[in-house]
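As structure tokens, the structure follows; a few thoughts come after it.
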Amino acid sequence: MDRTLSLSKKGVIIGMPLLILGMMVCLVNTSFFSEQTSKLSVGITFDLLLTMPLVYFLLIRKTSIPKTTIVPVIILGMVVGSIILPVQNQYYLNLFKTWIFPVIELSIISFVIYKVHKAIKHFKRYSIESVDFFETMKITCYEILPQKMVAPVVMEIAVFYYGFIDWKKRKLEENEFTYHKNSGTITLLVAIILIVAIETVVLHILLLKWSALAAWILTGLSIYSGIQLFGFLRSMYKRPISIKKDKLFLRYGIMNETTIDLNHIDRIEVSSKDLDWNKESRKLSFLGELESHNYIIYLKKEYTLIGLYGVKRSYKNLAFYVDNTMAFKKKIDEAMNQYVL
């Protein structure tokens, strides 16, 4: 079956749910709705939460559009319902928000994790190379999630995976190199986490005197930030810099990464000199000038550095840190001599 979507097909897929949405909005603004508010509110709720997602699903079920895109349609229905329906007539809408939607969210997350686990087992079975969870998860999520949802979903799952699940010690291969042991990064991140924890307690106590809600919102955001930093920290242990065949994989945990073809390398310098940081010269570390570097790589063409939540920045010169400078220099020279003509 030809799964290539024509412009008209895309128009129908997007237009039908929006048509239903528009009809519900128009209905709410009629005198008929004012006379039959209670009964019509129930019907509108079911149309927004069931009919609209069902129509969307039937339209995409034989296309290449991921079935998980039905979730944003449901969310759109919930948001519009919350806006257009009178508060006293949102009983079934609130029931859906409280009991049904969390189950849908949990099911999607479980499905993603299952697919990633299955993909990792597949790669381990047919490959002698080490498997990178973060990269495997991105590949898997691109197959089952809308493209714009991939980066945030992958990042959130990765933070919890590296922070609280994957605590098994990683054995480095001959072509892999750490960058966190001697750079002082771990100490700095731990210090930031401790500062956040102390400041959270102090500010929580102070804000309680003014607003309990504000105090708990700030505390929740601080705890979330601490969890994020801890996940970032732990990911550095699990995602080393590596050289595989004709490519150099430069990683800084899950915060920054880039892949460079060896034949596009102009030269590599063992150097800690300062550069003029701009669009051409960047640091692999997301901490910027707070962290030192001992290598600078100069490229023949422009490459892309992928950061947090998929943010992309171009560069031609990249500074980074490697713990074992001599071993890395030897390995990169061997690889370039072998694969670069």
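The values are calculated or read from the model by the stated rules, or taken from the named source; none is laboratory data. Worth saying up front: this structure is predicted, and the values here are computed from it rather than measured. Positions of Cβ are generated from backbone atoms using ideal geometry, with glycine treated the same way; all protein chains shown enter the neighbour counts.
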Worksheet item: When you go through L93, L59 one by one, which is the residue that is over 20 Å from R251 (Cα atoms), in contact with a Gly (Cβ under 8 Å, 6 or more places away or on another chain) and either in a helix (DSSP H, G or I) or not assigned by TED's automatic domain parsing to the domain that holds F33 (or both)?
Response: L93
Worksheet item: Of the residues in region 278-297, how many are surrounded by 14 or more Cβ atoms within 10 Å (Cβ to Cβ) and farther than 20 Å from N324 by Cα?
Response: 5
Worksheet item: Can you find a residue in region 203-213 that is outside the structural domain of L248 (by TED's automatic domain parsing), among the aromatic types (F, W, Y) and assigned to a helix (DSSP H, G or I)?
Response: no
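Residues are listed down the side, and each one gets a yes or a no for (1) surrounded by 17 or more Cβ atoms within 10 Å (Cβ to Cβ); (2) modelled with pLDDT of 90 or more; (3) in a helix (DSSP H, G or I):
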position: L54; (1), (2), (3): no, yes, yes
position: I65; (1), (2), (3): yes, no, no
position: P72; (1), (2), (3): no, no, yes
position: W99; (1), (2), (3): no, yes, yes
position: H117; (1), (2), (3): no, no, yes
position: K121; (1), (2), (3): no, no, yes
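Every residue, every condition in (1) at negative phi; (2) at pLDDT below 95, yes or no:
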residue	(1), (2)
E291	yes, yes
N294	yes, yes
K300	yes, yes
Y303	yes, no
G307	yes, yes
G310	no, yes
R313	yes, yes
A327	yes, yes
K331	yes, yes
Worksheet entry | region 217-226, residues that are hydrophobic (A, V, I, L, M, F, W, C) and in contact with a helix residue (DSSP H, G or I) (Cβ under 8 Å, 6 or more places away or on another chain) | L218, I223
Practice prompt. Please enumerate the residues belonging to region 1-55 that are among the aliphatic types (A, V, I, L, M), more than 23 Å from V87 (Cβ to Cβ) and touching a helix residue (DSSP H, G or I) at 6+ places or on another chain (Cβ under 7 Å).
Written response: V12, I13, M16, V55
Worksheet item: Counting just the residues of region 242-284 that are assigned to a strand (DSSP E or B) and of a type in the set (S, T, Y), which one comes out farthest from A335 (Cα to Cα)?
Response: S281
Worksheet item: For region 201-247, how many residues meet the condition of being surrounded by 17 or more Cβ atoms within 10 Å (Cβ to Cβ), without any contact (Cβ under 8 Å) to a residue 24 or more places away in the chain and in contact with a Ser or Thr (Cβ under 7 Å, 6 or more places away or on another chain)?
Response: 0
Fill in: Unmet requirement for H264, which otherwise passes all of (1) surrounded by fewer than 18 Cβ atoms within 10 Å (Cβ to Cβ); (2) in the same structural domain as A335 (by TED's automatic domain parsing); (3) in contact (Cβ under 8 Å) with a residue 40 or more places away in the chain
(3)
